């Protein structure tokens, strides 16, 4: 009855990266497809990754004074239309509820694509005085955007996310909030997910519908494409004015408050897969892995082996390690492949000879490297090894980012990176004109990723129009 | 600038319980109304209560081997129709999505009213062998039911809940699961929310659409009406057969598996309000209270008072108490009323004379009783006092339940309890016939709450038809 064939192999990532990605999503049991295109099921293993991301973010949100709330999932059409840029950006991809029970609704309701309008309506009820500010809110929910092309994690018609929304008495405070939340996203990417980021501000063309400024953290995937992994938006007082929100300041003068919003979604799980995965499947950084260590008894039929493996599991559990023993009757070969597919950072093998020698064999998922660990000091050596894997994955991803970030001074050089050098991020100067941004896309096949916070001076002129350049911008091919 | 008028008073609960309830929901800042009828906003304080319930339940779900997943929010009409009883129960109150962007959809999609059909479809993909069983899943989400009458917490068109769904190789295992989850709900009501429960099984008329058996925990509110606070359903193999789910057993024979589902929602927050609240507002049991202790400096302008209050907050925080200091410039009267409205279990007052005497004054929200506590041993006395409040609230609610649960042997006696004695639960014998259940409703204005697990023999015949009685049943007026 035992499964003994090796788990089915997946597409080679160098042959077909998109198919490799889909294979990993299903074979590692992260997702299943539902009957509606673009609506995915997050299976226990996929959802457990999200729970670890949630708990990391939620802790940081609360430490910085934010409270969770719950907003309705439906937005009346008239409410969505109150802010002009916002409705233009989102209305074309809304799903509309038109019937409640057997009755046609007097007004169409859209399933929230994002909830700025709902927060604004609520604030118009509760914000009256400077004493009511700031409101620092967040919600965990799913949103719907009726996209044409869909892929697990990367582009779903429904996806899980958190959306933070805040309202402040001053522009300075709102801008500081926007920057603070971007730093939390950068920290989450780098220190939890081992994904190094490029921080910057979006161009007007790429910013969020209705925002004055959109800040972003951009990550480079294994295929050198860019993934926007978290964004925070500064709205100025535009939304507040559109929704009639005003407060009395300390001098009893009526003022318009300033707003922000910021979000990170299950999309980062797509990023996690495409940053660290390999041809054996998923590779998870230990800090976010639902299972950090898998213990496999070898020759488990021999006396004492199962008991020793169970004892090892208990000791690691007591040491705070997320550990699981695989005591099924599947073959060792099947188990090796299965837990590699699932990206478990460390495999501990324990057989009769190991037990006799007071050791176990640890195999690292990132490098395949095997080391022998004395059982005696397992509570120290395993956490240390896990931290080493975490660090190693970050460094490898950082090398990928650094080695494939180029500086260019002509459009041809940008195109050359994309077409002939396997892709990457390309830094150039930019005049700030949207026409040049569009021209660069047309000629080199890239979009602007961001204007990095850390600016460099690569020259004096825009490579597209030759006019004086104002800023350095980074280009890439985006997911 | 400081607020110094006492917070607005609320409707007297003995005058108009329904209006009192709504007043508490809004004045304690638990909810706000959105622009769509029946879709409520959970504000930070209301959501924090839900987060405490969530974390308690989630811990117990995981300890009993369950994993969280995420299912889509939309169900194709054809999928909803697969189980006959289920669709009959839910289709009339579905909200329907008919447009995606600007295009009409080929098939209507309903926003999930509950997700049995989605779990079944998923299981038809992944369950093949006895090795794949059981699947013990749960999801935290919101669902929509297009109700006519809506009230905060008690009946929303959208509400937050958890829905557990499991699938097993045997009926015995599924039934044991159904009972186990009911026990978790009973424990949550009694030990977290201080709401004593009556456990039992629903009649066929009252059971969940598509279930073989529905188990329930019923609580008695302050107004002696019943609130169904958690239910778990045993489905037999009905859903599995309707959805074509089958597995090979150990003898390689194809079998239909057995399913359960179980849910608890934000409705219990309504129950919490209506069980413990009083004419000063909310009263929260300490274990579920977002803020367990509010520290108020008295005569805060005098030297050393604010510092001493801050030190007290820090000491309690370090002792694991959820504590907050109110250092605003609002008047003491306003603060007293505000934190009473919010139901904070314990108020600690600290003024210059208290500091001099090395004490503070503790006022209990449940009884109004004041005691003087030596600051020296505050880390022990405050948690002990909180446990005492928790116990006291449970006992008070238990007395309400016990004193207003009656035994009756005629329909007139049942009606008398409802019409002349202020209501309550009434136990009678019952023949098991649905006609008598309907007749009792017509004549006495009650519905069956449950057939209690703990049966008593109150006589031999059904009070409605006079035929031999099979079971004892409990009647009441339900929310």
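The values are calculated or read from the model by the stated rules, or taken from the named source; none is laboratory data. All values reported here derive from a predicted model rather than from experimental measurement. Every residue, glycine as well, gets a Cβ built from its backbone with ideal geometry; the counts of neighbours run over all protein chains shown.
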By residue number, the members of region A:144-156 that are assigned to a strand (DSSP E or B) and facing chain B (nearest Cβ under 10 Å) are A:144
When the residues of region A:80-120 are filtered to those that are out of contact with any strand residue (DSSP E or B) (no Cβ under 9 Å at 6 or more places or on another chain) and at the interface with another protein chain (Cβ under 8 Å from one of its Cβ atoms), which remaining residue is farthest from residue A:169 (Cα to Cα)? A:102
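Give A:200, A:210 a once-over and let me know the one that is at pLDDT below 95, away from chain B (no Cβ under 14 Å), surrounded by 19 or more Cβ atoms within 10 Å (Cβ to Cβ) and in contact with a strand residue (DSSP E or B) (Cβ under 8 Å, 6 or more places away or on another chain). Don't jump to the end; show me each part of the working.
Values: A:200 fails: at pLDDT below 95.
Answer to the selection: A:210.
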Tell me which of these residue B:263 doesn't satisfy, since it passes every other one: (1) free of Cβ contacts under 8 Å to residues at least 60 places away in the same chain; (2) within 13 Å of the chain's Cα centre (by Cα); (3) farther than 18 Å from residue B:453 by Cβ. (1)
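What number of residues in region B:457-468 are farther than 24 Å from residue B:419 by Cβ and in a loop (DSSP other than H, G, I, E, B)? Walk me through it before giving the result.
The first filter runs over region B:457-468 and keeps only residues farther than 24 Å from residue B:419 by Cβ, leaving B:457, B:460, B:467-468.
Next cut, in a loop (DSSP other than H, G, I, E, B) only: B:457, B:460, B:467.
Result for region B:457-468: 3.
Matching residues to (1) more than 30 Å from residue A:114 (Cβ to Cβ); (2) surrounded by 23 or more Cβ atoms within 10 Å (Cβ to Cβ); (3) in contact with a strand residue (DSSP E or B) (Cβ under 7 Å, 6 or more places away or on another chain):
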site	(1), (2), (3)
A:242	no, no, no
A:285	no, yes, no
A:297	yes, yes, yes
A:304	yes, no, no
A:307	yes, no, no
A:313	yes, no, yes
A:328	yes, no, no
A:331	yes, no, no
A:334	yes, no, no
Only one of B:37, B:62, B:84 is in contact (Cβ under 8 Å) with a residue 60 or more places away in the chain, surrounded by fewer than 16 Cβ atoms within 10 Å (Cβ to Cβ) and under 26 Å from the mean Cα position of the chain (by Cα), namely B:37
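With A:303, A:286 as the choices, which residue is outside any strand (DSSP E or B) and not assigned by TED's automatic domain parsing to the domain that holds residue A:357?
Numbers: A:303 fails: not assigned by TED's automatic domain parsing to the domain that holds residue A:357.
Every option except A:286 fails the conditions.
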Since residue A:397 meets every condition but one in (1) part of a loop (DSSP other than H, G, I, E, B); (2) under 30 Å from residue A:293 (Cα atoms), which condition does it not meet? (1)
Given the conditions (1) within 14 Å of residue B:291 (Cα to Cα); (2) crowded, with 19+ Cβ neighbours inside 10 Å; (3) in contact with a strand residue (DSSP E or B) (Cβ under 6 Å, 6 or more places away or on another chain), every one holds for residue B:342 apart from (3)
Is it fair to say residue B:151 is more than 30 Å from residue B:244 (Cα to Cα), touching a strand residue (DSSP E or B) at 6+ places or on another chain (Cβ under 6 Å), surrounded by fewer than 22 Cβ atoms within 10 Å (Cβ to Cβ) and in contact (Cβ under 8 Å) with a residue 12 or more places away in the chain? no
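Here's the yes/no breakdown for (1) within 22 Å of residue A:50 (Cβ to Cβ); (2) in the same structural domain as residue B:137 (by TED's automatic domain parsing); (3) out of contact with any helix residue (DSSP H, G or I) (no Cβ under 7 Å at 6 or more places or on another chain); (4) not in a helix (DSSP H, G or I):
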residue: B:32; (1), (2), (3), (4): no, yes, no, yes
residue: B:35; (1), (2), (3), (4): no, yes, no, yes
residue: B:54; (1), (2), (3), (4): yes, yes, yes, no
residue: B:58; (1), (2), (3), (4): yes, yes, yes, no
residue: B:62; (1), (2), (3), (4): yes, yes, yes, no
residue: B:97; (1), (2), (3), (4): no, yes, yes, yes
When you go through (1) within 8 Å of chain A (Cβ to nearest Cβ); (2) assigned to a helix (DSSP H, G or I); (3) free of Cβ contacts under 8 Å to residues at least 24 places away in the same chain; (4) surrounded by fewer than 21 Cβ atoms within 10 Å (Cβ to Cβ) one by one for residue B:48, which number turns out not to apply? (3)
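Tell me, please, whether a residue that is in a loop (DSSP other than H, G, I, E, B), closer than 24 Å to residue A:341 by Cβ and either at pLDDT 95 or above or in the same structural domain as residue A:440 (by TED's automatic domain parsing) (or both) can be found in region A:351-365.
Taking region A:351-365 first, the residues in a loop (DSSP other than H, G, I, E, B) are A:351, A:358, A:365.
After this cut, where a residue has to be closer than 24 Å to residue A:341 by Cβ as well, the list is A:351, A:365.
Retained after the next criterion (residues that are either at pLDDT 95 or above or in the same structural domain as residue A:440 (by TED's automatic domain parsing) (or both)): A:351, A:365.
Yes, that holds for at least one residue.
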Using beta carbons and a limit of 6 Å, which pairs, at least six apart or on different chains, have the first residue in region B:385-396 and within 17 Å of residue B:347 (Cα to Cα) and the second one assigned to a helix (DSSP H, G or I)? B:393/B:276
Scope region B:121-136; condition at the interface with chain A (Cβ under 7 Å from one of its Cβ atoms) and surrounded by 22 or more Cβ atoms within 10 Å (Cβ to Cβ); matching residues: B:121, B:122
Select from region A:425-445 the residues that are crowded, with 23+ Cβ neighbours inside 10 Å and touching a helix residue (DSSP H, G or I) at 6+ places or on another chain (Cβ under 6 Å) and write down the one among them that is nearest to residue A:226 (Cα to Cα). A:426
Lone qualifier among A:55, A:67 - being within 11 Å of chain B (Cβ to nearest Cβ) and free of Cβ contacts under 8 Å to residues at least 12 places away in the same chain: A:55
Considering (1) facing chain B (nearest Cβ under 10 Å); (2) free of Cβ contacts under 8 Å to residues at least 60 places away in the same chain; (3) more than 18 Å from residue B:158 (Cβ to Cβ), say which one residue A:176 fails and leave the rest. (1)
Can you find a residue in region B:176-195 that is touching a strand residue (DSSP E or B) at 6+ places or on another chain (Cβ under 6 Å), surrounded by 20 or more Cβ atoms within 10 Å (Cβ to Cβ) and part of a loop (DSSP other than H, G, I, E, B)? yes
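A quick yes/no check of all residues on (1) within 13 Å of the chain's Cα centre (by Cα); (2) over 24 Å from residue B:274 (Cβ atoms):
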site: B:173; (1), (2): no, yes
site: B:176; (1), (2): no, yes
site: B:179; (1), (2): no, yes
site: B:204; (1), (2): no, yes
site: B:209; (1), (2): no, yes
site: B:215; (1), (2): no, no
site: B:218; (1), (2): yes, no
site: B:226; (1), (2): yes, no
site: B:236; (1), (2): no, yes
Filtering region B:27-37 down to residues that are within 18 Å of residue B:273 (Cβ to Cβ) and within 9 Å of chain A (Cβ to nearest Cβ) yields B:29, B:32, B:33
